[in-house]
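What follows is a short report on a single structure.
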Amino acid sequence: MAGPDYKANQDKDDFLQLLAALGVDFLLSGEEKVSPISCAGKMICLFFSANWCRPCRTFTPQLVQLYNTLQKRGEKLEIIFISLDHDKNEFEQYFKTMPWLAVPLNTELQKQLCGKYHVDCIPSFIPLCGDHILKEDDLIGFIEDYGAEVFPFTRKRMQELKAMDCAKRVEGRLEELFGNRGYNYVISSHGGKTQISQLVGKTIGLYFGAYWSPPSRSFTAKLSKVYKEIMDKTENHHSLEVIFVSTDRNLDEFKLNIMDMPWLAIPYEDETRGDLYRIFDVKAIPTLVLIGADGKTSSENGRGLVCLYGAEAFPFTEERIYELETAVKKEGEELPSNVEDIKHEHVLKLEFAKAYVCDFCKLQGRFWAFSCHVCDYDLHPTCVQLTNNV
Ligand SMILES: [Zn+2]
Ligand SMILES: [Zn+2]
């Protein structure tokens, strides 16, 4: 520990000396002036930001929350705002939203500090902790994702957090995935509560979606149908549960959204929602992540499996998917590669198609079709009537 501590102190001394060299003998704390020496004995973090910068305005409230949490916890931490605002008025207005200290607005000082700490974009958050976090480490992103958990802002801490997420993702243990934010239950559209512990041992589908997304709404309809089929098939075993993880914009939209859902949802107020998006690295909706009855994540492409195989895919295990793939392959191998059908003038070729509509019976088909490339004509293998000359 001696190494980093020594370096941290040196970083801090360098900063305080730089202030002194530039003739800055006080910092601002609200309307008051305080001596820079008041930071001695605390960890100093520099916050480069400006009111005119939209990402800064989005980030600042999150940093305020982090700061307040750490103050309550009694951590010896001070943040010092270094403003890149254009005028005093803007600066003062922005600084009013911050519970920490600021260096007085001074263009020369700004330039020197930006140069010394290699700040070329804002918001920039630089902890003087002796552990040089690189730009690629994206500390701002970490703070947005994890809040006060990132303290003490070292690379080691960031790696720990990533490793914890990875373990949660791989192990898929429900009590660890949910219930960290004080909610130990999920809800149904009628307001019923189900304890997390009651879900252990079931196949779980984590459904990430939102009402504002049309693909998400149409997947809700598709999944509802498949869900009901699986429930009917497994009768009273209830071995599957879907849990909706919402990114609806507000509580009203969320309520509207879950009204049509026959499954459970994480309460809108529960911040676990954000954690799950992060843990499973969900970048687009709709997404369905499947966790097997053994608690291991079995697929992050549940949406694809549901769309391709429907209720047949249950219980979504690797073995089940392999069985289905093998059956489809075998079906294809037993079919001829070309046919001549009395209803069509061209030779039809055997093709694999995830979904199509048969031009004879007008019903949906999947996996295998006999198709004409010239006319965009498709037939179910069972709808083919061979001509006599084959
Ligand atoms: Zn047909
Ligand atoms: Zn044709």
request  = Please give the FRET efficiency for Ser337 paired with Arg217, using the beta carbon to beta carbon distance and R0 = 51 Å, rounded to the nearest 0.05.
outcome  = 0.80
query = Around Leu46, which amide H atoms from residues at least 5 apart in sequence, or from another chain, sit under 5 Å from its own amide H, with H modelled in the peptide plane?
reply = Ile80, Ile126, Leu128
inquiry  = Under 5 Å between amide hydrogens, which residues at least 5 positions from Trp368 or on another chain qualify, with H placed 1.01 Å from N in the peptide plane?
reply    = Ala353
Descending semi-axes in whole angstrom, ellipsoid equivalent of the range 335-383, from the Cα gyration tensor = 15, 12, 10
request  = Please list, in chain and number order, the residues 5+ apart from Val242 or on another chain whose amide H is under 5 Å from its amide H, with Hs placed from the backbone.
outcome  = Gly205, Leu264
Proportion of all alpha-carbon pairs of the range 2-162 beyond 28 Å (%) = 14 percent
inquiry  = I'd like the Karplus ³J(HN,Hα) series for the range 158-163: coefficients 6.51, -1.76, 1.60, θ = phi - 60°, whole numbers in Hz, and an x wherever there's a Gly or Pro.
reply    = 5, 5, 4, 4, 4, 5
Exposure proxy order (Cβ contacts within 10 Å, fewest to most) of Asp232, Asp25 = Asp232, Asp25
request  = Calculate one ³J(HN,Hα) per residue across the range 308-325 by plugging θ = phi - 60° into the Karplus curve 6.51 cos²θ - 1.76 cosθ + 1.60, and present them in order as whole Hz with x for glycine and proline.
outcome  = 7, 10, x, 5, 4, 6, 4, x, 6, 7, 4, 4, 5, 5, 5, 4, 5, 4
note = Note on the chain: contact order normalised by length, alpha-carbon pairs under 8 Å, 6 or more apart, percent, works out to 11 percent
query = lysines within cross-link reach of Lys168: Cα-Cα under 23 Å, excluding same-chain residues under 8 positions apart?
reply = Lys156, Lys202, Lys283, Lys296
remark   = If N is the residue count of the chain, its Cα Rg over 2.2 N^0.38 Å rounds to 1.38
query = For Leu18 and Lys193 in one chain, what is 0.36 nm times their gap in residues minus the Cα-Cα distance, to one decimal in nm?
reply = 57.3 nm
remark   = In this structure, the FRET efficiency calculated for Lys33 and Asn180 from their beta-carbon separation, with R0 = 45 Å, to the nearest 0.05, is 0.60
task = Could you work out, for the range 277-319, what percent of all Cα-Cα pairs fall into each 10 Å distance bin, beginning at 0 Å and stopping at the bin that holds the largest distance?
result = 28, 54, 18
query = In whole Å, what are the Cα extents of the range 87-137 along the three principal axes, biggest one first?
reply = 34, 24, 17
task = Could you work out how far helix 54-72 tilts from the main Cα principal axis of the chain, as a 0 to 90 degree angle to the nearest 10?
result = 70 degrees
message = Once you order the gyration tensor axes a ≥ b ≥ c over the Cα atoms, which shape class does the range 176-251 get: rounded for a/c under 1.5, otherwise prolate or oblate by comparing a/b with b/c?
response = oblate
message = Explain nothing, just compute: Karplus ³J(HN,Hα) = 6.51 cos²θ - 1.76 cosθ + 1.60, θ = phi - 60°, for every residue of the range 132-140 in order, whole Hz, x for Gly and Pro.
response = 6, 6, 8, 4, 5, 6, 6, 4, 4
task = Within 10 Å of each residue's Cβ, count the other Cβ atoms and sort Tyr207, Tyr146 from fewest upward.
result = Tyr146, Tyr207
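None of the figures in this text is laboratory data; all of them are computed from the coordinates on show. These numbers were taken from a predicted model, which means no experiment stands behind them. In this analysis, Cβ positions are derived from the backbone assuming ideal geometry, glycine residues included, and neighbour counts consider all displayed protein chains.
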